[in-house]
1. Specify whether the C-alpha gyration tensor of segment 355-455 places it in the rounded, prolate or oblate class, a ≥ b ≥ c being the square roots of the eigenvalues: rounded for a/c under 1.5, otherwise prolate if a/b is larger than b/c and oblate if not.
2. Could you work out what % of the accessible surface of the chain is carbon and sulfur, using a 1.4 angstrom probe and leaving DNA, RNA and ligands out of the count?
3. Could you derive backbone 3J(HN,Hα) for segment 180-193 from the dihedral phi with the Karplus parameters 6.51, -1.76 and 1.60 (θ = phi - 60°), listing whole Hz in sequence and x where the residue is Gly or Pro?
4. Along segment 288-296, what does the Karplus equation 6.51 cos²θ - 1.76 cosθ + 1.60 (θ = phi - 60°) give for ³J(HN,Hα), rounded to whole Hz, x for Gly and Pro?
5. Give me the one-decimal nm value for the distance between modelled label points at residue 471 and residue 358, 7 Å along each residue's Cα-to-Cβ direction.
6. If you place +1 on the Cβ of every Lys and Arg, -1 on the Cβ of every Asp and Glu, and leave all else neutral, what size is the dipole of the chain about its Cα centre, to the nearest 20 Debye?
7. How many percent of DSSP beta bridges within the chain run antiparallel, rounded to 5?
8. Rounded to the nearest 0.05, what FRET efficiency is calculated for residue 296 and residue 421 with R0 set to 45 Å and r the Cβ-Cβ distance?
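The values are calculated or read from the model by the stated rules, or taken from the named source; none is laboratory data. All of these numbers come straight from a predicted model, not from anything done at the bench. Glycine gets a Cβ as well: all are built from the backbone with ideal geometry, and neighbour counts include every protein chain shown. The accessibility values were calculated without ligands, DNA or RNA, using every heavy atom of the protein model including side chains. Shrake-Rupley method; radii C 1.70, N 1.55, O 1.52, S 1.80 Å.
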Amino acid sequence: MAEDIIAKKSQGLQRGAGLLLPISSLPSPYGIGTLGDEAYKFVDFLVEAGQSYWQVLPVGPTSYGDSPYQSFSAFAGNPYFIDLDYLVEEGLITKKDIKQYSWVSNVEYVEYAMIYDSRFKVLRTAFKNSVHIGTEEYDEFLKDNEYWIDDYSLYMAAKFRFDNVEWQQWDEDIKLRRPEALDRYREELKEDMDFWKFCQFKFFEQWNDLRTYANESGIQIIGDIPIYVAMDSADVWAHKELFELDEDVKPINVAGVPPDAFSEDGQLWGNPLYDWKKMEDDGFYWWKERMRSNSKLYDFIRIDHFIGVVNYYSIAADCNNAKQGEWKKGPGKKLTDAINSAIGDAQIIAEDLGVVSQPVKDLLKETGYPGMKIIEFAFDGGPDNDHLPHNYNPNSLVYGGTHDNETVAGYFCSKTKKELKYAMEYLGVTDKNDIPDAVLRTAYASVSAMAIFQVQDVLGLGNEARMNTPSTVGDNWKWRMEKGSLKKQHAKKLYKLAEFYARLPKEEEVEKE
């Protein structure tokens, strides 16, 4: 049986191309991208451009720092992404309800502080006007998500009751989830819990409509999930026994990566580590539920920091940096077997960047999960560099760069003449200004099944449009695409590349013949 599951997941990727654009980066008059009309227009652009894939960043509710990789839940959707105009069309709010608030002062960046209070006030108005409770659709939604929805809604309701401090600072009884406290808070906070359930109902309703439209248009959605969850999350609060926490529910060890060429102190992420023994004892039930939930959202699920499945970096919680951590053995194939058993028709993509040990390579080979190549990393280290296109294999995805990297234009703009020489020779250009287009063309020409580029790279933007700079706070996760930025000329250019390098959707190739 396990061999059949692995074989199913190893059938190979469909050759094609796609764009990476977070939901938050879509144009919107309300401060942040949503699941509204602009999302549908982006799907239409992808079709016009001969693309097959839309990759997004994690869509969970964001916490302090606004990182989608530090979410309040590994299951819930971000209420910010609920489109307000669609709520107007439903009669749940009015344009006046929306216009009483200021949403944006700069269309190029998300201003989280500006939208934080006003968004939930408008959504609460929609909730009060809604008659969803007791409907067949709502009851079915609650049943489909019963594993997590009550814990999440109580967690959010309690969080607002305690002025949004992390759950470790709540009153002792509810912090430790004593049964009598859970009963009391569920009674006291019932209306607030119903509100947070309503937000999830609307998020998933709008998401499912968008995904259906995308799939029917020939576009598959690539989702992204962090391997770890945030300490301040409903997941850790509700499942403390599955994490490395002490008797005071404080983390014993936390996640990160050791020093490397990008960071001399390493990266101290701070996420609590899983107690893999406890997880194995119950058959990785939490992971199965998590992956089952994500398979309802996405056609492909990219697991960020996949190497942590095989070997993970453990840092004592009281350390100030990641220099003194140690590598430990992860669950490996036991976890991937559990994942494969839960994801149905969805497929896994392994973000295998970083220190890729032989056991990681062995697991990727055994599971058939495709890995990733980054062209920005290609031109250091000589012809054996794994990120050079001549070293790719078909069961892989090639990126210009990820959300954690500079844009292609920004990356090569800052290089010295010496550093640029090899890249220019390899790419066959004589002017450094031609490098971004050459990178795009070379990726499309490669044998990697999928070629994925950030929208910023299609638009030729520099590092002012960078999404995230690891180990920094304050300016990340904010970039937004201005309305009308993607034009017919961009679609025509991408379509021509997709056609020339056999990356058009199969339907279009058949029609052409």
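1. Working: a/c = 1.98, a/b = 1.78, b/c = 1.11.
It comes out prolate by the Cα gyration axes.
2. Working: 10940 of 22500 Å².
Here it works out to 49 percent.
3. Those phi angles translate into 5, 6, 4, 4, 5, 5, 4, 6, 5, 10, 4, 5, 5, 4 Hz.
4. Values, residue by residue: 4, 5, 4, 6, 4, 5, 5, 5, 7 Hz.
5. About 3.0 nm separates the two model spin labels.
6. Details: 58 positive and 85 negative charges, 250 e Å.
Dipole magnitude for the chain comes out near 1200 debye.
7. Working: 15 of 42 bridges.
Around 35 percent antiparallel, to the nearest 5.
8. On the way: r = 49 Å, r/R0 = 1.08.
That pair, residue 296 with residue 421, gives E of 0.40.
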